[in-house]
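The structure under discussion appears below in the form of structure tokens.
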Amino acid sequence: MMDKRIKVLAFTPNLWAGGAEKVAVTVAGWLDPDSFDVCLAVLDGSNAFHKVPSHVRYEVLGCRRARYSLQSLARLVRRFQPDIVWCVHPHTAAMAAIARTVMRLDYSLVVGISTNRTDSSRLVDLFTSWVFGRAEAVIVLTEHMRRSLAKSGVDESKLTVIGNPIDLEEITSKSRQTVEHPYFLGKHPPIIVNVSRLTAEKGHTLLLKAFKSVRERRPCRLVLIGDGPLRKMLALKASRLGISEDVAFLGAQENPHKFVSRSDVFVLPSEYEGLPLVALEAMACNTPLIISDYAGSQELVEDGVDGMIGKRESADDFAEKIELILSDRKIASSLAKKAGDKAKAYDVKVVIKEYGRVFREAAEKTLRGGVPK
């Protein structure tokens, strides 16, 4: 057993408005400070959206890309002397693996995988496999991800399934805050909400088409929370579909929960996901949700019980499911309640225990000198 605080260096590209970045901040903040000494390092400190807890050290390496960070990372490691480097992004994980090998650094590597993306090249797959081979532990979000990596050759003993952590107390508190947007004031039509970065893989074009179909049957509104490179294109698409007057682009919001909790249905038609944090947060807000049938989606939602699963490439299927929830209050209420119950299993107070266990086991390898050079 270790008789000192375990030093954890959490290494991520930035603190922009993304799920993996939020997980890094949440875990760093919730690790027991009596047992763990945590430093959160980012490549790029600009446009930080997530706030680092005051008791967590924060370092900005000042590199625009991971491949330029070797020397800066090595200097930080020599200064902080971590037992573990924990990475939630493949680029930073790769640099941490390379730095340990090339610079002869002494730490255990823990890698977190956040998506089921499968469209990478063979070269990328080979390099990723090399990184996983160098890691002492690989944290995945679902059993599907664990099975897929094991099948691809990753040592099963390194793989641990830990769901994304959500702060239920914070979500509940923030969900009750006042909303001043006109869509939510007074008696208003049903609201469909989406929270995600405005990028192609999140399926916003499909969502706009589904919304158009539902809107042709009943008055309703669509709220899109998040920002990204496709914002102008999506606004133009909404205009061309003739629905722009009932679509609101709210950008990234420090508190999306107050909007989600007052919406009638949360929809996430992504092409691929891991265990989407925004969906878990919607469940915690007791809002009925529809997600896409990406690989592993059934581990988050039991279709028709605590949510619904729509076909990824079918706007019509999503429209039918949205309409069902909006038209049947009994179904909507049942889905919302069971979703809220399921979300409790992902409370950070529960999940952080698993992170602590994995970090302790990895740190023991560093202490015993069992880390490969």
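The values are calculated or read from the model by the stated rules, or taken from the named source; none is laboratory data. These numbers come from a predicted model, not from an experiment. Here the Cβ positions follow ideal geometry from the backbone for every residue, glycine too, while neighbour counts run over all protein chains shown.
What to note about this one:
- Selection over segment 260-277 of residues that are closer than 22 Å to Cys220 by Cα and touching a strand residue (DSSP E or B) at 6+ places or on another chain (Cβ under 6 Å) gives a count of 9.
- Residue satisfying condition, being assigned by TED's automatic domain parsing to the domain that holds Ser327, of a type in the set (Ser, Thr, Tyr) and either more than 30 Å from Ala332 (Cβ to Cβ) or assigned to a loop (DSSP other than H, G, I, E, B) (or both), within set Thr205, Thr178: Thr178
- Residues of segment 21-56 satisfying the condition of being among the charged types (D, E, K, R) and either closer than 21 Å to Ser114 by Cα or buried (at least 16 other Cβ atoms within 10 Å of the Cβ) (or both): Glu21, Lys22, Asp37, Asp44, Lys51
- Breaking point among (1) hydroxyl-bearing (Ser, Thr, Tyr); (2) over 18 Å from Ser263 (Cα atoms); (3) at pLDDT 95 or above; (4) surrounded by fewer than 22 Cβ atoms within 10 Å (Cβ to Cβ), for Thr366: (3)
- Members of segment 28-50 that are under 21 Å from Ala97 (Cα atoms) and either in contact (Cβ under 8 Å) with a residue 60 or more places away in the chain or aromatic (Phe, Trp, Tyr) (or both): none
- The residue list Lys311, Lys337, Lys330, Lys321 contains one member that is surrounded by 18 or more Cβ atoms within 10 Å (Cβ to Cβ) and more than 19 Å from the chain's Cα centre (by Cα), which is Lys321.
- Total residues in segment 229-260 satisfying the condition of being buried (at least 19 other Cβ atoms within 10 Å of the Cβ), within 19 Å of the chain's Cα centre (by Cα) and in a loop (DSSP other than H, G, I, E, B): the figure is 1.
- With respect to the conditions (1) in a helix (DSSP H, G or I); (2) at pLDDT 95 or above; (3) buried (at least 18 other Cβ atoms within 10 Å of the Cβ), Ile291 lacks only one, and its number is (1).
For every residue, the table says whether it meets (1) at pLDDT 95 or above; (2) surrounded by fewer than 19 Cβ atoms within 10 Å (Cβ to Cβ); (3) in contact with a helix residue (DSSP H, G or I) (Cβ under 9 Å, 6 or more places away or on another chain).
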residue	(1), (2), (3)
Val60	yes, yes, no
Pro82	yes, no, yes
Ala94	no, no, yes
Arg122	no, yes, no
Phe127	no, yes, yes
Phe132	no, no, yes
Val140	yes, no, yes
Ile162	yes, no, yes
Pro165	yes, no, yes
